[in-house]
Structures are given as structure tokens and as C-alpha cells.
Amino acid sequence: MTESSLDLQELEKLRSTTCNNETPSPKENDPENIHKWKIILEPALVGAMMAINLGQTSLQNFYLRTACSVDLGYSIEICRKGVGEEFRSAEAESQVIVSGINVSRSFVGLLISTVVLLFVGPWSDCSGRRKPLLILPLLGMCVMTTGVLLMLTFPGANTMQVLYAVQIPISLGGNFGLLLAASFSHIGDLCHATGRDVTRTMGTHRAAIQIAHVVGSVSGPLLYRRLGFYGVFPLVLLLQLSSLVYVILRVKDINVNRENKVSVLNWRLPLNSVRCLLRKREGNKRMVILLMLMVGLGDRVLLSAEVLLAYMFYRNKFQWDDVMFGSFLAYRNTISFIGTLLILNVLKRRLRLSDEMVGVLSCVSYMLATSSLILVSTTVFVFMIPGIGIISQGSQVVQRPLLNKQILPTEQGKIYGILGALESATQTLTSPLYSLLYTKTVSTLPDAWLIPGIILALIQLVSYLITKRLQNRQPDSSIQQEKNIALPVIEKNTDDTKDKDLILKETSSHTKDPL
């Protein structure tokens, strides 16, 4: 049988029939161990996120300095000193060059990473292997940083060469989106096999990412000012290599299909992903999946708009400089981390609210905080707003667990891969629209760019309420078992293997959250 004629669904179902040495030991199913916190992927995610934030400012400075000294021909002294009329003129011209190249670079990078996500996601479902998907983006990041160090050591490359030399390796690795998709797929496999609560486990990893974001965003500019490029990028590379080594040595796949014969280059893999997303499911599961995809896309739009415009907005409305903005960003992310702890330990563990209700409260918190930001006019009140939106990131905490509870373990790579590809495409579409809106309204109504975010949060709130209602209408919910149970071993080569797998999924999809 040729590769192109392979039945992908038949190969996928073998995952639930394959017994291998990488399956967790029975001791992990001990009720006393199910809810104990254990390190899973936190070190790798913290290292990767901290590296991204540490190098972000330095990368921008490297681009601008290259445009200034190589493309425009200014002396390195003028490009470095940061003051004076000649520097300001060179800076303006450099930004024009970098911005112009960024348009094509972003499109090319998006196209590459989207294709990678559409192929490797479903391949991981066929093979049961998440570890290669964790290694690929970390390897791409290491190659990228190594290239930056080489270009610093041996200067002469122009701005286009520098920008593409940075973009291509990380895009071929699927970017940070693939790392998140692979991480949540692996966590889903582990929770399904050991009985761990998927919401709290994924929430813990989200909290770890928030801590890394705070530390990296605060430390990056300070390290650059004191140590320069050669102080920042070697540290970035060390963090990325440490994350890569951790994944290689410590992470093990849960349920490997050793009989998989599907190549990662099989052209049917993306089509199989779309078919998996749209196929009919028991009850209202397909509608819940689509609603959660909508919520996920909304989260990405809000995040990308914040990254794109927040600094200019605070600088324009409240007359902040970069130091004040960086301090506020660290403060707000710290409050956000505390909010994540409140969600996991109070709303979920103590009050036992469902994921849907946490999502609703999160959207309300975001809308109140954003509306308050439109109304305030002084810095003192701005620093009070993160307290109003302390649980506004709850949607990011519960959206993926809710999605995970509707799908089979053999579908996680496909669904998360499609989600990652759609997020990238959506960001490419909405970022120019946000930029255009801000440009048209900055002189008359600088808060106008916040209004679409409130509307998106309202749409997300309605999506959570509909999901809550659909979940309450699930038949025989009182006798359904929890999803987080170990996969049983089923005899191979039986005609009803797929049906048994689907029945197992449908009877175990009810979560621990009371609806």
C-alpha cells in the first residue's frame, strides 16, 4: 500500500490499542497522587518564554542598528549614541526600512509556520508522539539565536538578510505557537492517562509562563543597557538550550503508536485535520469545539492588539516613557499571575465553579477593566485597573481545557494545530486593521482601539454561556464518567475498534466541574 493511500483514521485508532513502555506506571493512577503537583513541562516553557522576552528589545535594537549602519551608511558612533539631531534622523529612516521589510517577512513567516502546524499536528496524532513537536520549535529558537550571534561577530549583513535569517529558522520550527500546541497536547495525554485535572494542570503551566514573561520583560532592557548584545543573546541561547535539553532528557511520550506508517509530509494530513474538526460528534460536542475555537481566536486578537498598540497608547494618553511602561507591564503581569492563582485555588478548587462560569467571570472582569481604562485620565487610577481585571486572563486558563474535554486523545494534535494556524492567520488580518483604526483616531479619540476588545469580550461571554447551556443538555450526564481516566488496552485488528474508542470518549467526557 502506498503512503498516499494510507487510511489515516485506521492508523490513528491504533494509538489506543498500543501498549508500550512509555505509558505511565499504575502507581500514577493512585488517587492520592492524582492531584499532587508535579513538574511536567514548566521548566521548558519558562525557559523558552523568558528567552523570548529577554531578547525582544535587543533584537529590535539589532535590526535598527543594522539598518542605520549598513543600509543607510551612517557611522556606528551615530547609530549607537541615541541622542542628537543626526541620530534622530537616522533612527526615523531606520524604522522606515525595518517596517517595510517586516511586512513581507511577517507574511512569509506566517505562511511557513502555518504549513508546519497543519502537517505536524495531525502527524503527532497518528504517531502518538508529542516530543518531536516540543523539540522542533526549541531547536528553531536555538538556531535563530546562534545566527544572531554569528551576525554580530561577523557583521556586514544588510537588514533584509538579518530579518529573514532570524525569521526562517523560528518559522520552520513552528514558532512559539507550535510549542504551546505540543505542550497542551502532551499535557492532555498525561491527564487522560493518569487522571489529573486538566484545567488545573494547564492553568499551572499558564501561570509559569506568566512568571517567565514578567521576569524576561523586566530583565531584558536592563541587561541590554548594562551588557549590550553580548550580554543578552548568550543568556538567551543558554535558556533555549536548557529548555531543549530538558525536553530531550525528561519528557516521554505517553501513548506511542509504533505501527504508524504516515509520513509527516503526507498531503492528506491537513485535510484530515479539517475533517476531524467538522465531523459529527455525540451530543453538542462539535458546537462546543467551534465555540471554543472562536474564544481562542478572540484571545489571540486581544493579545496581539495589546502588544501592537499598548505602548503608543500609554505614551500618548498618559505621557509615559519606556521605563514607566515597563514597570507597569511587570506590575500588571504580577497581578495577572495572582489572578491565575485565585482562579485555580479559589474559583476552581474551593468554589468548584465550572470552566464555563470561570470564562464568563473572566470576560466580565476584562470588560470592566477596559471600560475603566477608557474613563480614567491619571496614572494613579491606571495602576488600580489591573485589580479590577485581576481574573481577566481566566479565559486563557479555561479555554483549552474546555476544548480538550470535547475531543479524543488522538485528535489533540489536529485540533490544536488548526487552532494555532487560525490564530496566526487571524493575527495577520487584525493587526493591520488595529493599526489603521489607531492611526485614524489617535488625534481625536485615542481610546477607540479599545472598543473592539470590549465587543470581542462580549462575544466570548456569550460563547461561554451557550457552552454552559449545551453542556447542561448533555444526555445522561449524571452517569457519565470523568474524562481523566487511563486508556484501557483493546484488542488489535477488531472491526469495532474505532467505535469503542469513540464510545469511551463520549462516556468519559464529563468533567469534574459540577454544571
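Is at least one residue of the range 505-513 modelled with pLDDT under 50, surrounded by 15 or more Cβ atoms within 10 Å (Cβ to Cβ) and among the small types (Gly, Ala, Ser)? For the range 505-513, residues modelled with pLDDT under 50, surrounded by 15 or more Cβ atoms within 10 Å (Cβ to Cβ) and among the small types (Gly, Ala, Ser): present. In the range 162-173 there is at least one residue that is open to solvent by less than 10 Å² (accessible area, probe 1.4 Å), in contact (Cβ under 8 Å) with a residue 12 or more places away in the chain and either acidic (Asp, Glu) or touching a Pro at 6+ places or on another chain (Cβ under 8 Å) (or both).
When residues in the range 89-124 are screened for being more than 30 Å from residue 276 (Cβ to Cβ) and of a type outside the set (A, V, I, L, M), 10 of them pass. Exactly one residue among 452, 446 is modelled with pLDDT of 90 or more, open to solvent by 10 Å² or more (accessible area, probe 1.4 Å) and more than 28 Å from residue 126 (Cβ to Cβ), and that residue is 452. If you take the residues in the range 302-346 that are of a type in the set (Ser, Thr, Tyr) and open to solvent by less than 70 Å² (accessible area, probe 1.4 Å), which one is farthest from residue 439 (Cα to Cα)? Ranking the candidates gives 340 first. Annotation note: Cβ proximity below 8 Å between a residue of the range 262-285 that is farther than 13 Å from residue 411 by Cα and a residue that is of a type in the set (Gly, Ala, Ser) and assigned to a helix (DSSP H, G or I) (sequence gap 6+ or interchain) occurs for 262/127; 266/4; 267/4; 268/4.
Restricting attention to the range 226-283, the residues that are farther than 23 Å from residue 139 by Cα, among the acidic types (Asp, Glu) and modelled with pLDDT of 85 or more total 1. Under the condition of being of a type in the set (D, E, K, R) and assigned to a helix (DSSP H, G or I), the residues counted in the range 254-275 number 2.
Quick check on the range 136-161: of everything there that is more than 16 Å from residue 105 (Cα to Cα) and hydroxyl-bearing (Ser, Thr, Tyr), which residue is surrounded by the fewest Cβ atoms within 10 Å (Cβ to Cβ)? So the residue we want is 153.
If the condition is being within 8 Å of residue 94 (Cβ to Cβ) and surrounded by 19 or more Cβ atoms within 10 Å (Cβ to Cβ), then the range 66-77 contributes 67, 68. Here is a check on your reading of the model: is residue 289 among the hydrophobic types (A, V, I, L, M, F, W, C), on the phi < 0 side of the Ramachandran plot, within 23 Å of the chain's Cα centre (by Cα) and open to solvent by less than 30 Å² (accessible area, probe 1.4 Å)? The answer is yes for residue 289. Exactly one residue among 139, 178, 118, 110 is closer than 23 Å to residue 206 by Cβ, assigned to a helix (DSSP H, G or I) and touching a residue at least 24 places away in the same chain (Cβ under 8 Å), and that residue is 178.
On the given criteria, is residue 458 open to solvent by 50 Å² or more (accessible area, probe 1.4 Å), at pLDDT 85 or above and not in a loop (DSSP other than H, G, I, E, B)? The answer is yes for residue 458.
From the list 198, 215, 245, which residue is within 19 Å of the chain's Cα centre (by Cα), among the β-branched types (Val, Ile, Thr) and open to solvent by 40 Å² or more (accessible area, probe 1.4 Å)?
Criteria check complete, one pass: 215.
Here residue 435 meets the list (1) modelled with pLDDT under 75; (2) of a type in the set (Gly, Ala, Ser); (3) open to solvent by less than 80 Å² (accessible area, probe 1.4 Å) almost entirely, failing just condition (1). When residue 412 is tested against (1) open to solvent by 10 Å² or more (accessible area, probe 1.4 Å); (2) polar (S, T, N, Q); (3) in contact (Cβ under 8 Å) with a residue 60 or more places away in the chain, exactly one condition is not met: (1).
Kindly provide the set of residues from the range 311-325 that are outside any helix (DSSP H, G or I) and in contact (Cβ under 8 Å) with a residue 12 or more places away in the chain, ordered by number. Steps first, please.
Just the residues of the range 311-325 that are outside any helix (DSSP H, G or I), to begin with: 319-321.
Correct list: 320 only.
Kindly indicate whether any position in the range 352-368 is over 30 Å from residue 126 (Cβ atoms), hydroxyl-bearing (Ser, Thr, Tyr) and surrounded by fewer than 18 Cβ atoms within 10 Å (Cβ to Cβ). Walk me through it before giving the result.
So in the range 352-368, the residues over 30 Å from residue 126 (Cβ atoms) come out as 352-354, 356-368.
Pick out the ones that are also hydroxyl-bearing (Ser, Thr, Tyr) and you get 354, 362, 365-366.
Retained after the next criterion (residues that are surrounded by fewer than 18 Cβ atoms within 10 Å (Cβ to Cβ)): none.
No.
Among the numbered conditions (1) open to solvent by 80 Å² or more (accessible area, probe 1.4 Å); (2) part of a helix (DSSP H, G or I); (3) at pLDDT 50 or above; (4) among the hydroxyl-bearing types (Ser, Thr, Tyr), the only one that residue 478 does not meet is (3).
The values are calculated or read from the model by the stated rules, or taken from the named source; none is laboratory data. The structure displayed is predicted, hence computed values, not measured ones. Neighbour counts are summed over all protein chains in view; Cβ atoms, including those assigned to glycine, are modelled from backbone coordinates with ideal geometry. Areas reflect the complete protein model, heavy atoms only, side chains present, ligands, DNA and RNA absent. Shrake-Rupley method; radii C 1.70, N 1.55, O 1.52, S 1.80 Å.
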